[in-house]
Structures are given as C-alpha cells and as structure tokens.
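The values are calculated or read from the model by the stated rules, or taken from the named source; none is laboratory data. Just so we're clear, the structure is a prediction, and the values are computed from it rather than from any experiment. Virtual Cβ from ideal backbone geometry, glycine too; neighbours counted across all protein chains shown.
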Amino acid sequence: MDTFTKLFGSLVSFVYHCFDRIVILGYLPLLTRPENIVHFFRDVHQVGAITKEVLRQRTDDYIRWVDSFARNHRVPIEWAQKGVRKEDHVLPRLRQMERAKRFGVYFILKSMEVGPSFRIANPKYPTKDPNYRIIVPQKSRYTHIYFYIRDEVVGPMVMCVGTFLPFRISYWLNGHSFIERELLRENVRFRKDDNAFLATADPEALQAAADRLSAGIIQKRLDYWTLLVGPKFSKKDRDAINLSRHYSVQQVEYCRNLIFRRNHPIHKLFERSCDMGLLRLVPDKITEIFGFRVHKRLSGKLQSVLEKIEHGHHVLRACAKNAVFRMYEKYATFRRLEALSNNLKDFGPTQVSRQPARHPQDPRRGNRSVRQLRSRSAQRSRRFPTLSTNGLAHRHGPYESPRHQDPRHPHDSAHGSAPSCRY
C-alpha cells in the first residue's frame, strides 16, 4: 500500500478502511439441545409429556405478540413477496423514518424459511415413564420474522427471529451506517451513497469513527433490540436457567476504499491490474495471500475470476476456502478492495461469544472481540497485492461456496444461509 501511495497519492482524494457488512448469529446455549428442552419444560414448568403442541404454544404466543406490537405501534407487517428483494421493498419506509428523524422498528416481514427446531416422537417400545418422549433436533420450514430497525447508534439493521425453539436470531449490520451516525453526531459534513463515502470534510474524523466500532457497542445494541422485540421469557424462566444470548460472527466484510479525484486514473489502474493478474494470481499465490496451505482435502473454492455483473462493472474475485477477496469500481471515482469471510475458523478465531458482565473476558478462552478481528482483517488486507489480479479461473477441491442473493455479488454467501461458525 505504501508503494501505491507513493506512485498515485496525488490522484487520490482520501482513503479509509472499515467493516462493511457484518452478519451475527444469536443463540441461547441452554435451549439448543434436547436435554435443555426437557429440563426447561419438565423441571421449570412442570409439564408432564412434552408434545409438539407444547412447543407450538410458545411459537403461537410469540407470533400473537408480534402482531399486537405491529398494531399498537402502527408498523406495517406483511408476508415477503417471492422474487422481490426485502431491502428494496422496505426502503421507502426507511426513507420516511430518516426524513422524520425517528428511530425504531419501521417494517416487519414474515417469511417461510428453513431453520433449527425439535421433533417430538413417541418411543417405539413401552417405557416405565408414560410421559417419556424422544426429542430430536432437526431442520424444518417455519415462519421467520424480519424486523427492520433504524437504530440511533448503529443505523439501519435487520433482525431475523426464528419463531420455533431454540429461537435462533440473525442480525445484519453495516459498518458504514455506524460511521454515518458518528459523523452526524460530530457535525462532520460528508456525502454518502449506499455503502460508500464519496466525500468528506474531515477524512481523519471519518477514519476515527470507523475505528470506534467495537464488540461492546454491537453487543449492547443487539441485547437491547433482542429484549425489546425478541422471544419473551418470564422472570420465572430467567431465574431458573441462564437465558443470556450468545453471539458468533457468521459473515464479515472488511474493505479498504480509495476515492480518486477523477475517473480516468481509476479505470486505467483497474485495467492494468487485470492484465497483471493474468500472469501472477495463480492458486499457489492465492493460498499465500490468504495464509492457507494447499492440500488434497482443501474445501471450498480456490480460484480467481474476472466477471462483469448486472450493473455493468467488472469485479475481480479471488476465492480460497470460505474467504473471498474482491476488487471493483463503484460510481465514478470509488475503488474498493474487500475481504469477506464466511468462516472465521479459516483465519484462527472460532467464535465471538457474549461474556456475562460479572465475568471479565479471558483471552485464553478463545473468544475474540470485533476489534481483534478488525486488526486481523487489516493485517490480511495489507498482504493483498493492490495490482495483482487474474482473469483465469483456477479450481481446487470438490466444493464451492454458496451463492449470494445480492445481484452485485452473485457468487457469495446468501442472507439466511447456514452459520459459518459452528459450535
């Protein structure tokens, strides 16, 4: 990056790096296993036989609460339409909230999706306990509720709640939205379009705002909205078992953004990058960049490809395991180098879990904060050669990463896909 700045620094208006999209999985550790369900219903609630009707009652109660919440707060609630992107459907409502300078839930969508649940079965042979049932975890299709929220701290966010036990929740955040809220609070002028800052009166303040995004800030906001609109538990439930929610990073994007003064140098540099990549970015070089070792059981993609997507721009993509490095032009003067990971285990850390306030975080437990992940991502991004690209596809291994529903990046992991950090 220093060489790039020395050669083309006069053509660059400013540079900033930050988190882009962050997908976080929230789960209740003490309600994820069959034995936890038995303890919750039989010991805490004194239920005799645990049947599917007993589990269904929790789901029905929560769905009725969501309907009442939407009615009392005059929040639109609809079933998601097939073939229509959810973000595009709720965007007009978000713009209304921004003009009115209001915060809170502005739209609720329902969708039938596959998620974790439990299956109840009667034993094949008679048992001494007439209330004995077999509880098996499974994947099934049921209602998921999407809460579209405009938060005062992190900006627009999405919270998807599975309505069946174990009530898994997925959260979507964007680092650019957090930076926008910070700059507005500090009265720093800027120009932002989608998830890109195109101009600012104080680049140092913008970078300082990006650096302030931490695990503590994110956890506090997730806890707040989970308590407000998430599944409800009584005081009796919380006194009997620990119902604090733990969080793990499911997908994270970290980007370095270069804003040029005019369009001519950015396009020429991108063309030259693709030419050089045809010779340099081979599979061995990709694994060296990502820090992997090539072996016969290497899963996922190992390739570099240059493709033209729907909105007319070219995207250079290098894939290794569950990680993707992208470089593309956006608008007239914006260039982005972006690293994406669908499985942080590839880079060392395995999980970002919620630590109770009474226990200080112990680094020996293997849990890493978002700030540590940012540092690791930044170190990785500095290893990417700025002008190394490849137009040839190199594949290694029998598996490919899932596709993305966003038309801008159709080959990356989709919203609502299976969690990447296993526990």
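Please count how many residues of the stretch 171-217 are over 21 Å from E98 (Cα atoms), of a type in the set (A, V, I, L, M, F, W, C) and within 21 Å of the chain's Cα centre (by Cα).
4
On the basis of being more than 30 Å from F14 (Cβ to Cβ), of a type in the set (K, R) and at pLDDT 90 or above, does R238 make the cut?
yes
Of all residues in the stretch 4-30, which are among the small types (G, A, S) and within 23 Å of R191 (Cα to Cα)?
Passing the criteria: G9, S10, S13.
Can you confirm whether A215 is touching a helix residue (DSSP H, G or I) at 6+ places or on another chain (Cβ under 8 Å) and under 26 Å from L243 (Cα atoms)?
yes
Does Y27 qualify as being under 18 Å from E113 (Cα atoms) and modelled with pLDDT of 95 or more?
Considered against the rule, which asks whether it is under 18 Å from E113 (Cα atoms) and modelled with pLDDT of 95 or more, Y27 comes out as no.
Listed residues V47, V54, V84; which is within 25 Å of the chain's Cα centre (by Cα) and outside the structural domain of L269 (by TED's automatic domain parsing)?
After applying the criteria, what remains is V84.
Each row is one residue, and each column tells you yes or no for (1) surrounded by 15 or more Cβ atoms within 10 Å (Cβ to Cβ); (2) among the aliphatic types (A, V, I, L, M).
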site	(1), (2)
A205	yes, yes
G216	no, no
R245	yes, no
F290	yes, no
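Of D60, D67, D20, which residue is in contact with a Cys (Cβ under 7 Å, 6 or more places away or on another chain) and either over 30 Å from L183 (Cα atoms) or in contact (Cβ under 8 Å) with a residue 12 or more places away in the chain (or both)?
None of the others qualify; the one that does is D20.
Given the conditions (1) surrounded by 15 or more Cβ atoms within 10 Å (Cβ to Cβ); (2) over 31 Å from the mean Cα position of the chain (by Cα); (3) among the small types (G, A, S), and given that G26 satisfies all but one, which numbered condition is not satisfied?
Single failed check for G26: (2).
So K110 fits all but one of (1) at pLDDT below 95; (2) within 26 Å of the chain's Cα centre (by Cα); (3) charged (D, E, K, R); what number is the exception?
All conditions pass for K110, except number (1).
Just give me the residues in the stretch 128-151 being surrounded by 12 or more Cβ atoms within 10 Å (Cβ to Cβ) and outside any strand (DSSP E or B), in sequence order.
Within the stretch 128-151, Y132, R133 meet the criteria.
Has the stretch 200-208 got at least one residue that is over 30 Å from P29 (Cβ atoms), out of contact with any Cys (no Cβ under 8 Å at 6 or more places or on another chain), modelled with pLDDT under 95 and not assigned by TED's automatic domain parsing to the domain that holds F167?
The answer is no, given that none of the residues of the stretch 200-208 is over 30 Å from P29 (Cβ atoms), out of contact with any Cys (no Cβ under 8 Å at 6 or more places or on another chain), modelled with pLDDT under 95 and not assigned by TED's automatic domain parsing to the domain that holds F167.
If the Cβ limit is 7 Å and pairs must be 6+ apart or interchain, which residue in the stretch 199-226 that is more than 24 Å from Y146 (Cα to Cα) pairs with which residue that is among the small types (G, A, S) and surrounded by fewer than 20 Cβ atoms within 10 Å (Cβ to Cβ)?
Taking only residues 6 or more apart or on different chains, the pairs are S214/S369.
Mind checking which strands (runs of 3 or more DSSP E) fall wholly inside the stretch 274-385 and carry at least 1 residues that are modelled with pLDDT under 75 and in contact with a strand residue (DSSP E or B) (Cβ under 6 Å, 6 or more places away or on another chain)?
Correct list: 301-308.
Within the stretch 152-172, can you find the residues that are out of contact with any Cys (no Cβ under 9 Å at 6 or more places or on another chain), in a strand (DSSP E or B) and within 26 Å of K52 (Cβ to Cβ)?
Matches in the stretch 152-172: C160, V161, G162.
Can you name every one of the helices (runs of 4 or more DSSP H) wholly within the stretch 1-116 that holds 3 or more residues which are among the aromatic types (F, W, Y)?
Per the criteria, 52-72.
Which residue, of A121, A100, is out of contact with any strand residue (DSSP E or B) (no Cβ under 8 Å at 6 or more places or on another chain) and either under 21 Å from K232 (Cβ atoms) or surrounded by fewer than 14 Cβ atoms within 10 Å (Cβ to Cβ) (or both)?
On inspection, the qualifying residue turns out to be A100.
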